[in-house]
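Reading through the structure tokens given below for one structure.
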Amino acid sequence: SLKYMFQIMPGKKERGSTNKKRKREEVDSSGKHAEGATLCAPVAKKAKKWTNKVRVLVFCSRGVSYRARHLMNDLRVLMPQSKTDTKLDKKDHLPVINEVCDLKNCSKCIYFEMKKRQDLYMWISSVPDGPSAKFFVENVHTMSELKLTGNCLKGSRPVLSFDQTFDKSSHHQLLKELLLQVFTTPYYHPKSKPFIDHMFHFAIVDNRIWFRNYQMAEDGSSLIEIGPRFVLNLIKVFSGSFGGPVLYENPHYVSPNVYRQMVRSKSSYQYKHKVAAKHGLKQRKSTWKVPDDPLEEVFD
């Protein structure tokens, strides 16, 4: 019947259309047209990889003051590549830190050490082969203490700026390379943000390294300080990690014990000078002779 014919015909058309689609799919899968031209598949973009896998261990010894602890926490916040660990016992020797870094899978280390609860020292080392440098930390001001107007995104990558004085001597060039490797945030680090909105500035003034952290304005015309602030007074540079032969020793460094002794001796010198002046006055008075007055016995 006609109804039966109309029911069959659409089915044949559908079969023909499906065969054409299959031929097209076969042509697309083979990558060739009837004329012999090839089809270029879209090239997949390579995923950006984190290649510079530098991790910095930032921790301290037992007995540090609250100011040193806040400074350490500020550096941890500013460095996404940093790792933490428990405080090191004072009885342990410094080479033990190399084993701690190995367990934490860290290749750099910043270690804070405090003596007499008032003298703060900072070790910056490349683990495990060195070199390493020991600094005396002065003029510490943390971010919570300063309350400056500058601000930056947490985890953003900083720009490192160095004074021209770093290129004038060999030991300063070594320190510059060491600071670059420690404070630089690796590219595509998982904890870092793809923004550059602040700058670490290292300047050499009065034979000391001055550290400042600035926010870069959006227009790039001004810098706004964020904090923290501290000054590093170099003591020695070692060829190994936390020890080894001494490569450089700062002749301008004066230990805090010697400085305090000089202050006490200066105050004691003032007291000794005062006592000596009194004693000299007594001796001079004993040598004085009052001349006789001829009118003294007139009314006798």
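The values are calculated or read from the model by the stated rules, or taken from the named source; none is laboratory data. Quick caveat, the model's predicted, so the values are computed rather than measured. Using ideal geometry, Cβ is built from the backbone for each residue, glycine included, and neighbour counts are taken over all protein chains shown. Calculation scope for accessible area: heavy atoms of the full protein, side chains included, ligands and nucleic acids excluded. Shrake-Rupley method; radii C 1.70, N 1.55, O 1.52, S 1.80 Å.
Okay, here's what the table says:
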{"quantity": "Strands (runs of 3 or more DSSP E) within the stretch 107-169 that include 3 or more residues out of contact with any Gly (no Cβ under 7 Å at 6 or more places or on another chain) and among the charged types (D, E, K, R)", "calculated": "108-115"}
{"quantity": "Filter result (without any contact (Cβ under 8 Å) to a residue 24 or more places away in the chain and either outside any helix (DSSP H, G or I) or not aromatic (Phe, Trp, Tyr) (or both)) within the stretch 52-72", "calculated": "Arg69"}
{"quantity": "Qualifying residues in the stretch 213-228 (those that are open to solvent by 30 Å² or more (accessible area, probe 1.4 Å) and out of contact with any Ser or Thr (no Cβ under 9 Å at 6 or more places or on another chain)) - the one farthest from Phe135 (Cα to Cα)", "calculated": "Asp219"}
{"quantity": "Sole exception among (1) closer than 21 Å to Ile209 by Cβ; (2) part of a loop (DSSP other than H, G, I, E, B); (3) free of Cβ contacts under 8 Å to residues at least 24 places away in the same chain for Lys289, by number", "calculated": "(1)"}
{"quantity": "Contacts under 6 angstrom Cβ, first residue in the stretch 255-284 being over 27 Å from Lys115 (Cβ atoms) and open to solvent by 70 Å² or more (accessible area, probe 1.4 Å), partner modelled with pLDDT of 90 or more and not aromatic (Phe, Trp, Tyr), 6 or more apart", "calculated": "none"}
{"quantity": "Pick from the stretch 155-183, criterion among the β-branched types (Val, Ile, Thr) and touching a residue at least 40 places away in the same chain (Cβ under 8 Å), ranking: least open to solvent (accessible area, probe 1.4 Å)", "calculated": "Val182"}
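To keep it simple, each residue is scored yes or no on (1) of a type outside the set (Gly, Ala, Ser); (2) in contact with a Phe, Trp or Tyr (Cβ under 9 Å, 6 or more places away or on another chain); (3) more than 19 Å from Asn233 (Cα to Cα); (4) open to solvent by 40 Å² or more (accessible area, probe 1.4 Å).
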{"site": "Lys87", "(1), (2), (3), (4)": "yes, yes, yes, yes"}
{"site": "His93", "(1), (2), (3), (4)": "yes, yes, yes, yes"}
{"site": "Cys106", "(1), (2), (3), (4)": "yes, no, yes, no"}
{"site": "Glu113", "(1), (2), (3), (4)": "yes, yes, no, no"}
{"site": "Tyr121", "(1), (2), (3), (4)": "yes, yes, no, no"}
{"site": "Pro131", "(1), (2), (3), (4)": "yes, yes, no, no"}
